[in-house]
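Written below as structure tokens is the structure these notes are about.
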Amino acid sequence: MRVLGLDPSLTQFGWAVHDTEASGKARCLGRGRFRTSSKMLFVARYIEMRENLRALIREVEPDAMGIEFPVFNDLWSEGMYGLFLFTCEAIRAEAQDVVFLANNQIKGHAREFLGRPKINGKVWKMMKPDMVEAAKADTGGGRWNHNEADAYLCAKLAGRFWEYHLGRLMAAELTEVEAQQFAYVHKYGPRAKKAGELEFRGLLYREDERFFCWSKGSDDAETEGNDNEG
């Protein structure tokens, strides 16, 4: 499976293509960055990135995609959310299946892959050098920009999700972190108001919220037509 991963940024928008079936350097089929100047008119900047992404998707022809979801906690900003919306528009226009991955999910995947230990009971805080190291470890080395490394690791985790979604990867084959991210089901305790009830929190159960199968098309055109009647 050929998976395109994205690390959106207003200055250096990272992208990378991961091949789930290859090994070594062949696992990364390409990587790079879109750059725009802060001096550009804001909407022109977003449009340029959107069109660059659409051109890239047509060139790469990925089987599926993954994107870092930059709207959580300290990562949220008006500018980044605007870029995220334009990016989603490009992905949907190109009819691509995509999964939204939180920054901490991608870092958790990389942390587990590298086997980073806990320190005083706390998880290892993954920094840019750690993410670059994880990308190098998975692809046999080379020189990596941290934006491209983040995009590659996003693609790698997205590839695991889509293989699981398609049934090519069984639950028993998931790592501990993947099982938590993809298939977690919470059961409320006996003292909770929802005692005994199950809440399906894993990504697999959140279609049209955290992953989207846009390759199947939509009925938006029909819906819009109905809305305009009368």
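The values are calculated or read from the model by the stated rules, or taken from the named source; none is laboratory data. All figures in this text were calculated on a predicted structure; none of them were measured in a lab. Backbone-built Cβ (ideal geometry, glycine too); neighbour counts: all protein chains shown.
Values computed for the structure shown
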read-out: Selection count where residues are within 19 Å of the chain's Cα centre (by Cα) and at pLDDT below 95, scope the range 121-165; value: 0
read-out: Lone unmet requirement of (1) over 17 Å from the mean Cα position of the chain (by Cα); (2) assigned to a helix (DSSP H, G or I); (3) among the basic types (Lys, Arg) for Arg92; value: (1)
read-out: Residue match in the range 180-191 (condition: within 23 Å of Val17 (Cβ to Cβ), of a type outside the set (Gly, Ala, Ser) and under 22 Å from the mean Cα position of the chain (by Cα)); value: yes
read-out: Residue ID - nearest to Lys128 (Cα to Cα), chosen from residues in the range 1-44 that are of a type in the set (Lys, Arg) and surrounded by 20 or more Cβ atoms within 10 Å (Cβ to Cβ); value: Arg31
read-out: Single residue of Arg33, Arg27, Arg45, Arg50 found to be out of contact with any strand residue (DSSP E or B) (no Cβ under 8 Å at 6 or more places or on another chain), at pLDDT 95 or above and on the phi < 0 side of the Ramachandran plot; value: Arg50
read-out: Subset of the range 55-73 [assigned to a helix (DSSP H, G or I) and surrounded by 16 or more Cβ atoms within 10 Å (Cβ to Cβ)]; value: Leu56, Ile57, Val60
read-out: Meets criteria (in contact with a strand residue (DSSP E or B) (Cβ under 8 Å, 6 or more places away or on another chain), within 28 Å of Glu112 (Cβ to Cβ), aromatic (Phe, Trp, Tyr) and touching a residue at least 12 places away in the same chain (Cβ under 8 Å)) for Phe182; value: no
read-out: Test: Ser38 is part of a loop (DSSP other than H, G, I, E, B) and in contact (Cβ under 8 Å) with a residue 60 or more places away in the chain; value: no
read-out: Long-range neighbours under 9 Å by Cβ, at least six apart or interchain, first residue over 25 Å from Glu21 (Cα atoms) within the range 51-71, second among the basic types (Lys, Arg) and in a loop (DSSP other than H, G, I, E, B); value: Phe69/Arg210
read-out: Residue that is free of Cβ contacts under 8 Å to residues at least 40 places away in the same chain, within 25 Å of His165 (Cα to Cα) and buried (at least 16 other Cβ atoms within 10 Å of the Cβ), where the choices are Ala90, Ala102; value: Ala102
read-out: Only listed residue being out of contact with any Cys (no Cβ under 7 Å at 6 or more places or on another chain), assigned to a helix (DSSP H, G or I) and within 15 Å of Arg2 (Cβ to Cβ), chosen from Arg168, Arg160; value: Arg160
read-out: Verdict on Asn120 being in contact (Cβ under 8 Å) with a residue 40 or more places away in the chain, farther than 20 Å from Ala22 by Cβ and either surrounded by fewer than 16 Cβ atoms within 10 Å (Cβ to Cβ) or touching a helix residue (DSSP H, G or I) at 6+ places or on another chain (Cβ under 9 Å) (or both); value: no
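Conditions (1) among the hydrophobic types (A, V, I, L, M, F, W, C); (2) surrounded by 11 or more Cβ atoms within 10 Å (Cβ to Cβ); (3) more than 25 Å from Phe211 (Cβ to Cβ); (4) in contact with a Leu (Cβ under 9 Å, 6 or more places away or on another chain), marked per residue:
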| position | (1), (2), (3), (4) |
| --- | --- |
| Ala149 | yes, yes, no, no |
| Ala155 | yes, yes, no, yes |
| Arg160 | no, yes, no, yes |
| Tyr164 | no, yes, no, yes |
| Glu176 | no, no, no, no |
| Ala195 | yes, no, yes, no |
| Phe200 | yes, yes, no, no |
